[in-house]
Amino acid sequence: MRLLDRIVQARAPLLIARGTEILRLPGPSDYAAAVLDCPLRLVLTDPLTRVCTSLAYAEGDRLGACLDLIHIPARTLWVEWLDAPRLETVAAALGLGLAAGRGGAAAMRAGIYVTTDGSGRRGCARTFWGPAEEDGDVCLAPLVTEFDLDAEDVPVGNVAEVYAGGAASLVIDDPAISSLLRCLRFRFDDAWAAYYRQECTSAALRKSVLGNSLAAVGTDLPVLFALCLLLSSRTQLPQRRADFARLNRRRARAGRPALLEHVELAVPVMSAYSSSAGPHADPRRTPRLHHVRGHLVRRGSQVFWRVPHLRGRASFGHLRSRSLTLHFESRGRPLLDGRPVDGRAAAARRDQASPLPGGPP
């Protein structure tokens, strides 16, 4: 079952006992209606998750150099993926283990619910995760991730100020990636901040809780930005609209809730490997066979995604085309199905085309 369905079907509030007092904190059930009403719900295949993560943390011209081309494609958006491919790619790119805040489990599904202003350049996101199987609890991160793609560096609070409502930032020892993370700020949800102020009685414990919370959500938004860069291009991502009409009729007869419609996005088909070095190739000018990791290259207003490929002489192949050119509309408006996306208009089209038994798409 998709994570989005488990959130929509969540009914129990998050209750925590503190002495004789029962506290109600924000949990997945508080976002059930929001995810149900979300006009654009995207689920990424594992290869696309790897590509988006590689785009976010690739070598060469980093994603931070392309922030002016990125727009979130709807006022509200849900994006979901299996977390193992993202963790593997982040670990390979940065050499960092940033999954501790999600329990370190690779068999997790993760998702972000994004709300934006009209420009598609500013907004906030809430991160959810849960086991890939149906059993197990879904978690909502205590931190709210705020983003402003046009922001300059602004002062952020120290640990004590973060628990009082201030913002934290994430710094990685890589200037190119830090330039991307500068547009992100992390704040505790008000209810969670109040809870932690009571429970975290020492400065060391507060620092540890904040560090684990940042580790759980800190590297998610760059993956979203990379996805939006691909969506904004005229290079179409293969997509399949999940149609559960027949299955939902059977679920309704069994008294089970309907599954939500969503769009599954995949990676564009790349050219296959074939022989690169001809029989008369000059061996003195051909390097030995080696792997080149995928990376971004920007030339003015043109952006190229150099797909991972082998370089050098080998009898078993070369990549027929190593570059995927991303073309953009003059206004930089995101595209889906080859047309500029407007979240409300897209929702209206889907409502007219295929109403969902379980609620609005």
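The values are calculated or read from the model by the stated rules, or taken from the named source; none is laboratory data. Because the structure is a prediction, the values reported are computed rather than measured. Here the Cβ positions follow ideal geometry from the backbone for every residue, glycine too, while neighbour counts run over all protein chains shown. Heads up: the accessible areas ignore ligands, DNA and RNA and are worked out on the full protein's heavy atoms, side chains in. Shrake-Rupley method; radii C 1.70, N 1.55, O 1.52, S 1.80 Å.
Open to solvent by 10 Å² or more (accessible area, probe 1.4 Å) and in a loop (DSSP other than H, G, I, E, B) - does that describe any residue in region 240-247?
yes
From the set of residues in region 60-77 that are open to solvent by less than 30 Å² (accessible area, probe 1.4 Å) and over 13 Å from ALA226 (Cβ atoms), which is nearest to the chain's Cα centre (by Cα)?
LEU77
Could you tell me whether ARG187 is open to solvent by 60 Å² or more (accessible area, probe 1.4 Å), within 30 Å of ASP68 (Cβ to Cβ) and modelled with pLDDT of 90 or more?
Considered against the rule, which asks whether it is open to solvent by 60 Å² or more (accessible area, probe 1.4 Å), within 30 Å of ASP68 (Cβ to Cβ) and modelled with pLDDT of 90 or more, ARG187 comes out as yes.
From LEU205, LEU184, LEU170, which residue is farther than 30 Å from ARG18 by Cα, of a type outside the set (Asp, Glu) and out of contact with any strand residue (DSSP E or B) (no Cβ under 6 Å at 6 or more places or on another chain)?
LEU170
With (1) free of Cβ contacts under 8 Å to residues at least 24 places away in the same chain; (2) open to solvent by 40 Å² or more (accessible area, probe 1.4 Å) as the list, and ASP150 as the residue in question, which single condition is left unmet?
So ASP150 meets the others, but not (1).
Cβ-Cβ below 6 Å, separation at least six or inter-chain, first residue in region 117-138 and in contact (Cβ under 8 Å) with a residue 24 or more places away in the chain, second open to solvent by less than 20 Å² (accessible area, probe 1.4 Å) and among the charged types (D, E, K, R): which pairs?
From residues that are in contact (Cβ under 8 Å) with a residue 24 or more places away in the chain, the pairs are THR127/ASP220; TRP129/ARG102.
Out of all the residues in region 68-78, is one or more part of a helix (DSSP H, G or I) and under 19 Å from SER232 (Cα atoms)?
Checking region 68-78: at least one residue is part of a helix (DSSP H, G or I) and under 19 Å from SER232 (Cα atoms).
In region 203-216, is there at least one residue being in contact (Cβ under 8 Å) with a residue 60 or more places away in the chain and under 23 Å from ARG75 (Cβ atoms)?
no
Look through region 99-133, keep the residues that are crowded, with 21+ Cβ neighbours inside 10 Å and out of contact with any strand residue (DSSP E or B) (no Cβ under 7 Å at 6 or more places or on another chain), and return whichever of them is modelled with the highest pLDDT.
So the residue we want is GLY120.
Collect the residues in region 241-260 that are touching a helix residue (DSSP H, G or I) at 6+ places or on another chain (Cβ under 7 Å) and closer than 28 Å to VAL223 by Cα, keeping them in residue-number order.
If the condition is that a residue be touching a helix residue (DSSP H, G or I) at 6+ places or on another chain (Cβ under 7 Å) and closer than 28 Å to VAL223 by Cα, then LEU259, LEU260 are the ones that fit.
Specify the residue that is farthest from the chain's Cα centre (by Cα); the eligible residues are those in region 248-265 that are touching a residue at least 24 places away in the same chain (Cβ under 8 Å) and in a loop (DSSP other than H, G, I, E, B).
By that ranking, first place goes to PRO257.
Mind listing whichever residues of region 1-59 are in a loop (DSSP other than H, G, I, E, B) and either small (Gly, Ala, Ser) or surrounded by 15 or more Cβ atoms within 10 Å (Cβ to Cβ) (or both)?
Scanning region 1-59 gives ARG2, GLN9, ALA10, ALA12, GLY19, PRO26, GLY27, CYS38, PRO39, LEU40, THR45, ALA58.
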